[in-house]
1. Figure the gain on full extension for residue 147 and residue 386 (residue separation times 0.36 nm, minus the Cα-Cα span) and round it to one decimal in nm.
2. Heavy atoms of the protein only, probe of 1.4 Å, neighbouring chains included. What is the accessible area of residue 195 in Å², nearest 10?
3. Kindly report, to the nearest 10 Å², the accessible surface of residue 400 as traced by a 1.4 Å probe over protein heavy atoms only.
4. Using packing as a proxy for protection, rank 180-189, 257-266 so that the peptide with the highest average count of other Cβ atoms within 10 Å comes first.
5. Taking a ≥ b ≥ c as the square roots of the Cα gyration tensor eigenvalues, with a/c under 1.5 meaning rounded and otherwise prolate when a/b beats b/c, else oblate, which class fits the range 372-487?
6. Rolling a 1.4 angstrom probe over the protein chains, ignoring ligands and nucleic acids, what is the accessible area of residue 272 in square angstrom, nearest 10?
7. Starting from the Kirkwood radius over alpha-carbon pairs of the range 221-275, derive D by Stokes-Einstein at 25 °C in a medium of 0.890 mPa s and give it in µm² s⁻¹.
Amino acid sequence: MSLRRGMTGDNIALLRWLARSVETGAAVLRDGRLSCTTGRIRTLCKQPGEWRWIAGPHAHTRYANLKTLITDEGSALLATRFATRTIRFDTGKCALELRLERLRTARGEAVVVVAHDVTGQVREELERLRDRETRLHEQRMHAMGVVASGVAHDLNHALNVIALRIARLRADPGLRSQIDSLESIARRVEEAAGTVARLQDLARRRRDRPSESVDLSAVLLGAVEMARSDFDRPGPRIEIHADVPPLPLARGTAAELSHLFSDLLLNARDAMPKGGSIEVRAREGRSGIVVTVKDEGRGIPEEQLPRVFDPFFSTSETRETGLGLSIAYGLMQRLGGSISAANRAGGGSVFTLEFPPASRSARRAAEQRSESGRRLRVLLVDDEPDNLEVLQELLGVEGHEAETASSGRAALDMVTSGRQYDVVLCDIGMPEMSGWQVVRELQQHDPDLPIYLLTGWANEIGEHDPRLSGVRGVLAKPLDLDELRSVLATSGSSPPPPAPNHEQASVAS
C-alpha cells in the first residue's frame, strides 16, 4: 500500500481486515484520486445506477457512481475544518453508511473512507417510517373528513337557499329581461356545489354513486384542448397527442371528469420540466372504458408508487401539494372504477383509468316516467326557515300545495292528526329529532307514505345504507329542480311502491 509510511501498524491491520470484510469496504482519497480500495468498494464502483442521499439537506443530490460520490464528498471534507463526517447514500437496491476521516501522512492530508452496508437496517427503518406515516395518514384523513363533512353541510345549505331563490326569480315573468344574469348565477352555484363535492372526495367521505351518463369522449377531448391552450406559453415545449375515438356513455358528471383529466394532464406536464410529449389514449374494454395518460418524465421512484394517491404527497418539485391525484382516486372509487400508476419501460409514467359504463336501468326508468299533472300535497320538514320558505314558494309555482313543519315532532303531529299528504320531503340534520327518526315514526303510522330525505350530507350516504329502509331516496342540497320534479311526478303518477329494503335502496345524488 502506498500510504504505509505515516500510518501506524494498527491502521494497516484495520485496512487489511476491511479488505476481507463482505459488508464493509474502505478506500483512501489523496489529491482527488482513490487508492487502497478494497474489493467491496471496487465492486460497488462498477455497479450502474445513481447514488443519492437518504436524508438530509442535500436529499436531491445525485451521483453517477460511487467513485464520483467518494471523490466529491472526500474533497468537500478536506475543504472544511471538520475531522470526520458520516453520511448515508443508496441506489434503491443498496444502502451505504460512509464514514470519512482526515488522515495526516508524511505526504500531506488524505481522507480514509469506510463504507458499511446498511441496506437491511435502512429497509427496517423505512418500514417503521411507513407504518408510522400510515397511522398518521389515517388520523389526518379522519380529522379532515370530520371537518370536510361539517363544511360541506353548511356550504350546501347556503347554496341550496341561493339556488332555490334563483329558481324562484327565473319563474317570475317580470324578470324575463334578467334571465341571462340569473342563468349565469345559477351556473356559478352549480360550480360551487361541485367544489364542495371535490372536498368530500379528498377526505374520502363521499359514498354516493352518480347515476348520470356522460359523453366521455367529449369531456376528455375538451380537457385536452384546454390543456393545449394552457401549455402554449413561453418555456419548454409540451405536446399532447390524443387518440380518443367515440366511446359509450360512462357513469359520472362532466364537471367532475373534466377536473379529473385536467389534473392528470397538469401532473404529466409537471413531470417534464424540460418539455416532452403527453400521450392520451382511450378505448372500450371488456368491462368498461380504459383511458391512459402517459408522459416522458423521470417516472416515479418504485418505493413511492404505493403512495402517489395519498393526500399532500407529491413526487414533483414544482407542485407544492399533491391533492389532484388523491381527489382523482376518491372520484374513481366512487364511480365504481379504478385508477393506477406505473412506470413506462422507456421512461416516464403512465396513469390508467377504468370507467364503468353508464347504467341503462336509470335511463329506462326516466324514460318511462310520465308527469301526471296532478296537484300534490307536500309536507316539508326542515329546521331552517329559509329553506322552508323558498321551497314552499317554488312548489306553489309548480302547482302543488306545500305545508311546512319546522321540526320532526311538528311533522309527526301534523300527520297523526289526520292530515293527508302525497309525499314528505324531510331534512336529516335537525335538533331533537333527526330525519332518520322522523322516517321511522312516520313509517309506523303510514307504511305507504312516500318519504324523501333532503340533506347537504347526501354524498356521504351509501346506496346500501341500512337506514334507507322505508325511504324512497335522498335528494342532495343544493336541490336539482329537475330531479325534484321527477320525484313529484313519480309520486303523483302511480300508487306508492313497497318500501325498499337496504339492498334495494337507491340514493339520488
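The values are calculated or read from the model by the stated rules, or taken from the named source; none is laboratory data. Fair warning: this is a prediction, and the values are worked out from it, not measured in the lab. Note that we place each Cβ from the backbone using ideal geometry, even for glycine, and neighbour counts take in every protein chain shown. Quick note on the areas: whole protein, heavy atoms, side chains included, nothing else; ligands and nucleic acids left out. Shrake-Rupley method; radii C 1.70, N 1.55, O 1.52, S 1.80 Å.
1. Length gained, residue 147 through residue 386: 83.6 nm.
2. 70
3. Around 30 Å² of this residue is reachable by solvent.
4. Values: 180-189: 13.6, 257-266: 21.2.
Result, highest mean Cβ count within 10 Å first: 257-266, 180-189.
5. Working: a/c = 1.31, a/b = 1.10, b/c = 1.18.
Cα axes put the range 372-487 in the rounded bin.
6. Residue 272 has an accessible surface of roughly 10 Å² with all protein chains in place.
7. Working: Rh = 12.4 Å.
Roughly 198 µm²/s, to the nearest whole number.
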